[in-house]
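The values are calculated or read from the model by the stated rules, or taken from the named source; none is laboratory data. What you see is a predicted model, and the numbers here were worked out from it, not measured in a lab. Methodologically, a virtual Cβ is constructed for each residue, glycine included, from the backbone with ideal geometry; neighbour enumeration extends over all protein chains shown. Surface accessibility is based on the protein's heavy atoms, side chains included, excluding ligands, DNA and RNA. Shrake-Rupley method; radii C 1.70, N 1.55, O 1.52, S 1.80 Å.
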Amino acid sequence: MSGPMTADVISLRSNRIYAFRIAERSGGGRLLLDAGPDYEGAWDEAVGQGYALGFPPERVRAVIVTHGHADHAGLAYRWAEAGARIFALAPDMTALTAGDGWREHQARRGREEMGRHGCPRETVKLIDEIRRERSSFLRWKGAPWGSVAPAVGDHVFAIEGPGGESSLRIVAAPGHTPGNLGALVEETGEFYGGDTLLPGRIPSAGLHFHSSTGTPRWPSLPPYVRSVEWIGSLPLTRLLPGHRAGEGDHPADPATEARRFLAHYRRRGRQVRVALAEGPATAYELARRIFPRLPERRVGQAMTEVIGHLDVGLQEGTARREDAAGGLWRYAPAGGIEAG
C-alpha cells in the first residue's frame, strides 16, 4: 500500500507505540495503541518522541493496550499518571493492574504446568532462569484500578487520517493472550495487530492461566488460529505490527503473514500427530520425538507449541489425555491419525 500511515510511531527499542490523532469533534488530543515497555529511560524516550511529534503526555487521552505483556503494557501506569484512560479487553485487565505480580503468577503456574507435562525438574528450572534473564530489564508496575477500563470489541473511535476523519475499530483477536486485540482503520484497511502477526516470526500462543490458582489453563492455540483465519479473510491493505522487524522494515501484507502463520500451524500439527501415533507420551516426550537435537534450553518453546496442538486435538476429538504415574499427563490418539 502506498501513501502515509494514519498513525505516528513512537519506538522504544523494538516496540512500537502507534499515536493516532483524535477527531476534533471528539475533543482532539491523542490516542495511543499500546503503552510501551518500562525500562531505564523508557518514559523519557516516549515523552521526548511525543514532543517531537507535536504532543505532550497530557494530550494523550486514551491508551489502548493490545495485550497484557510487560513490553506492551509496562508504561500504562505512567500514561495514567499523565491523565490518560487505559483500555484493555476484559480478560487482560488483571494483568494491567497487577503488573509484576501477574507476571510472577503466570510464571509459577507455567512451571507447574511444564512439570505436569513431563518436563524434568532441572529443565523447568533452566527455562525459568532464561525467562528471568530475558525480562530482567523490564519493569512492570501495575496501573491503578480506577485508570483501567474495559475496551469493547467493535468499538469505533473517530480519528484524523491523511484524507480526513477516519474510523479506528477495536477488534478482539484472542490467542496470543486471552484479551489480545487489534485495531483496524476502516477507510484505509490498515491493521494494527500488536503481536498477533509479526513479519519474520511466528508469535507464540503461550501458556495462560486465570488469576484463580485452582482454575485450569486457558487453551490458547485454538482461538489463536481462528483469530488469524479471520484476519486473513478481511480486505486489509497492510499490517502494522507491535515490533520492528529490523532496520528499515516496512508495513507487511496481512494476508501473506496470515498464510505464513497458518502454514506453520498446519505443518507443526502434522508433526505432533505423527509423533503421537508412535505411542502415548507426555508433551515433553513428544517435543523430544519431534526435535531430538534441540538444546535443552529451547525445550520450553517446543513444549509450548506441542501443548497447544494437543489442546487442538482434545477439542477436535483426535487426542485424549491419560493420567500417568507421578501426576503426569500423557496423551494418546483418540481417533484416526492423518499423517499427511
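The figures follow:
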| read-out | value |
| --- | --- |
| Cβ-Cβ under 6 Å pairs, at least 6 apart or on other chains, segment 133-156 side touching a residue at least 40 places away in the same chain (Cβ under 8 Å) and open to solvent by 60 Å² or more (accessible area, probe 1.4 Å), far side assigned to a strand (DSSP E or B) and not aromatic (Phe, Trp, Tyr) | 139/38 |
| Scan of segment 307-317 for residues that are open to solvent by less than 50 Å² (accessible area, probe 1.4 Å) and without any contact (Cβ under 8 Å) to a residue 40 or more places away in the chain, ordered by number | 310, 317 |
| Any hit, segment 257-276, residues being in a loop (DSSP other than H, G, I, E, B) and either at pLDDT 95 or above or farther than 26 Å from residue 127 by Cα (or both) | no |
| Matching residues in segment 80-105 - criterion: being part of a helix (DSSP H, G or I), open to solvent by 10 Å² or more (accessible area, probe 1.4 Å), of a type in the set (A, V, I, L, M, F, W, C) and touching a strand residue (DSSP E or B) at 6+ places or on another chain (Cβ under 6 Å) | 80, 90, 93 |
| Residue identified as touching a residue at least 12 places away in the same chain (Cβ under 8 Å), surrounded by fewer than 17 Cβ atoms within 10 Å (Cβ to Cβ) and outside any helix (DSSP H, G or I) among 320, 293, 297 | 320 |
| Lone qualifier among 46, 19, 35 - being at pLDDT 95 or above, within 25 Å of the chain's Cα centre (by Cα), part of a helix (DSSP H, G or I) and among the small types (Gly, Ala, Ser) | 46 |
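Quick grid of which residues meet (1) over 28 Å from residue 227 (Cα atoms); (2) acidic (Asp, Glu); (3) at pLDDT 95 or above:
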| residue | (1), (2), (3) |
| --- | --- |
| 133 | yes, yes, no |
| 145 | yes, no, no |
| 157 | no, no, yes |
| 197 | no, no, yes |
| 200 | no, no, no |
